[in-house]
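Take a look at the structure below.
Bear in mind that the values in this text are calculations on the coordinates, not laboratory data. Predicted model, so just to flag it, every value in this text is computed and none were measured. Quick reminder, even Gly has a Cβ in these numbers, built from the backbone with ideal geometry, and neighbours come from all protein chains shown.
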Amino acid sequence: MSLFARTRRLAILSTALLAAGLSWAQAPIVIKFSHVVANDTPKGKAADFFAKRAAELTGGKVKVEVYANSTLYKDKEEMEALQLGAVQMLAPSLAKFGPLGAKEFEVFDLPFIFDNYEELHKVTQGPVGKMLLGKLEGRGIKGLAFWDNGFKSFSANKPLKSLDDFKGQKLRIQSSKVLESQMRALGALPQVMAFSEVYQALQTGVVDGTENPHSNLYTQKMHEVQKHVTLSDHGYLGYAVITNKKFWDGLPADVRGKLEQAMTESTAYANRIAKEENDAALEKVKASGKSQVHALSVAERQAMKKALVKVHQEMASRIGQETLNAVYKETGFDPSKL
Ligand code: LMR
């Protein structure tokens, strides 16, 4: 090859390399955010809000791709995908951290532990919440925030109000030992199942019923295959937003700072809309006429509490007495008073 040809080839090569370098420099950092619920739920809306604010605050340097409704991964798979780095962000329900070895998170599943969102926020937005998120670090996961959903109702093809009603009912639960113990204390038969499979399992009678906040019940159309909904508020369902720690620590500091800001804003947004979204979903369930909605009388609620209080004791060693006491201290909960 002549010197001219060689020089020309080198020139072409360096132009190509330069162009590739430029386009690499401009390519946004992509964050895949996978979740299992509909867009039109507190978590779905908060994830979309985060994507929007992340793009705005970083001037387009970060692109958050939200995959809703288990379109990318189901419950268990998404945890594995995060650890492998196939996705960068999730917001699993607090009931789904047991398989990661973070059993302390199941404290949120304890029946009647929070009376309302104010009590819950004392934990999730305070030092105990921070301590809990910190426990994930050793597992390659960084906990960024807690996002609200809401308080759960029971649904089935009959009203679930007394212990007699629960006897022998196959009820779908999330993968939490506390929820398993809760269902057994009621006399029901718990069945762990991925969220994406619940509608079909209810429709075909694989399970008789389930528990969920109204936003999930309505957006998954569960109320169309459940004749009765009981407003029990017997437990809470909410989320921890988590990311792959290696990915997060590897971000340029300025970008990470902007994403932290976007997360703070998204958390405020999520926790502002969660109750309204659930209240609105309940109204839509009622208006659909597909499910009959029942309230619990004071005596029925008291009987349910009495049956369920033992779950606190039973699960204390799994959750850790220290975590349990820390939560009780924040909320003023006293199991002996149930
Ligand atoms: C469920 O599996 O019932 C919930 O965890 C779904 C969700 O993410 O709200």
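For the reader, a short list of remarks on this structure follows.
- Reported count of residues in segment 253-279, each being within 21 Å of THR219 (Cα to Cα), surrounded by 15 or more Cβ atoms within 10 Å (Cβ to Cβ) and not polar (S, T, N, Q), is 6.
- Residue within segment 78-89 that is within 14 Å of the ligand (Cβ to nearest atom), in contact with a helix residue (DSSP H, G or I) (Cβ under 6 Å, 6 or more places away or on another chain) and acidic (Asp, Glu) present: no
- Here LEU94 meets the list (1) free of Cβ contacts under 8 Å to residues at least 24 places away in the same chain; (2) within 16 Å of the ligand (Cβ to nearest atom); (3) in contact with a Gly (Cβ under 8 Å, 6 or more places away or on another chain) almost entirely, failing just condition (1).
- Among all positions in segment 216-232, there is no residue which is within 12 Å of the ligand (Cβ to nearest atom) and surrounded by fewer than 17 Cβ atoms within 10 Å (Cβ to Cβ).
- Helices (runs of 4 or more DSSP H) completely within segment 133-209 that count 2 or more residues being within 15 Å of the ligand (Cβ to nearest atom) and either over 24 Å from ALA81 (Cβ atoms) or among the polar types (S, T, N, Q) (or both): 177-185, 198-204
- Helices (runs of 4 or more DSSP H) lying entirely in segment 232-338 (those with 1 or more residues that are without any contact (Cβ under 8 Å) to a residue 40 or more places away in the chain and closer than 30 Å to PRO159 by Cα): 253-288, 298-308, 310-319
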